[in-house]
Ligand SMILES: C[S@@+](CC[C@H](N)C(=O)[O-])C[C@H]1O[C@@H](n2cnc3c(N)ncnc32)[C@H](O)[C@@H]1O
């Protein structure tokens, strides 16, 4: 498993009974995690200094409850980068810290390439991967159907003084089809598709039904000197070897690294956070 070990401003303190207790900079938040099917060693909601708790409602949604003066948003650091943290709906905080394992590998690949690299970041959310790649010198096109998430990505870029990202609010499939017609190509493609989702015009996305065709379509915008293609998935039950198979079948054999990704916890275990598959060309 690839474990995101290099955080100083973030840690998982404890897990249990469907929840995880995390420290984001100065603030302690407790929120649901469906992977946590074991019992906690103590009552997490009674943890001394807890600042916020995301409580599920019976209707399927939920909301944050705050016990202290938690700001609307605040900043945490990872290596030389900064990210804005903002408790939002659907238990989100605006950052997936386990993605740091991918950021490290992409930064290394871009720096080692020693040539201009064009990156296409699809389902790009608040821009963690966009910022990482841009910080390594790549020119990044960031695509997400949510205007609100693109605004948060711009805020993250501003925090890091990054001005080289092109932002697109669009359905990823529609955008790729347009790029094919325009003859635009990219040296690296990143995709972190949701299990379910909707595009800007309500286009339905279901990972198991759409991923393979989508990866095949994305091949049409890959340059003839590619650097990497990364597929990341949080969908429960999607094995790393599924991602490895898709990458091999679509792009051919070669160097592929497919693995679970996870976060270390203070309890000495690793919290699983989905899988990633990355194909490198050199
Ligand atoms: C799982 S998140 C990606 C996490 C992100 N890569 C990261 O590491 O921070 C999925 C994102 O896909 C977007 N999305 C869902 N369906 C979409 C579609 N059809 N086209 C474009 N974006 C979509 C959502 O708005 C959301 O921001």
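Some notes on this structure:
- Options 185, 123: the member that is surrounded by fewer than 22 Cβ atoms within 10 Å (Cβ to Cβ), more than 13 Å from the ligand (Cβ to nearest atom) and in contact (Cβ under 8 Å) with a residue 60 or more places away in the chain: 185
- Residues of the range 1-45 that turn out to be under 23 Å from residue 86 (Cα atoms), surrounded by 15 or more Cβ atoms within 10 Å (Cβ to Cβ) and touching a helix residue (DSSP H, G or I) at 6+ places or on another chain (Cβ under 7 Å), as a count: 7
- Taken over the range 151-168, the criterion of being more than 15 Å from residue 120 (Cβ to Cβ) and within 10 Å of the ligand (Cβ to nearest atom) is satisfied by 152, 156.
- Among the residues of the range 194-220, the ones that are closer than 20 Å to residue 277 by Cβ and in contact (Cβ under 8 Å) with a residue 40 or more places away in the chain come to 7 in all.
- Cβ separations smaller than 6 Å between residues 6+ apart or across chains give the following pairs from the range 234-261 residues that are free of Cβ contacts under 8 Å to residues at least 24 places away in the same chain to residues that are within 16 Å of the ligand (Cβ to nearest atom) and part of a strand (DSSP E or B): 258/277.
- Residue within the range 136-147 that is surrounded by fewer than 19 Cβ atoms within 10 Å (Cβ to Cβ), within 10 Å of the ligand (Cβ to nearest atom) and modelled with pLDDT of 95 or more present: yes
- Restricting the range 188-223 to residues that are loosely packed, with under 13 Cβ neighbours inside 10 Å and closer than 28 Å to residue 100 by Cα, the residue that is nearest to the ligand (Cβ to nearest atom): 196
Conditions tested, residue by residue: (1) part of a strand (DSSP E or B); (2) more than 17 Å from residue 210 (Cβ to Cβ); (3) within 16 Å of the ligand (Cβ to nearest atom).
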position: 231; (1), (2), (3): yes, no, yes
position: 245; (1), (2), (3): no, no, no
position: 253; (1), (2), (3): no, yes, no
position: 256; (1), (2), (3): yes, yes, no
position: 261; (1), (2), (3): yes, yes, yes
position: 264; (1), (2), (3): yes, yes, no
position: 268; (1), (2), (3): no, yes, no
position: 272; (1), (2), (3): yes, yes, yes
position: 276; (1), (2), (3): yes, yes, yes
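- Every residue from the range 1-58 that is in a strand (DSSP E or B) and on the phi > 0 side of the Ramachandran plot: 16
- Every condition in (1) over 21 Å from the mean Cα position of the chain (by Cα); (2) within 16 Å of the ligand (Cβ to nearest atom) is met by residue 62 except one, and the failing one is (2).
- Residue 44 being within 21 Å of residue 233 (Cβ to Cβ) and either assigned by TED's automatic domain parsing to the domain that holds residue 200 or at pLDDT 95 or above (or both): no
- Residue identified as modelled with pLDDT under 95 and within 30 Å of residue 44 (Cα to Cα) among 262, 254, 237: 237
The values are calculated or read from the model by the stated rules, or taken from the named source; none is laboratory data. Keep in mind that what you see is a predicted model, and the values were worked out from it rather than measured. Methodologically, a virtual Cβ is constructed for each residue, glycine included, from the backbone with ideal geometry; neighbour enumeration extends over all protein chains shown.
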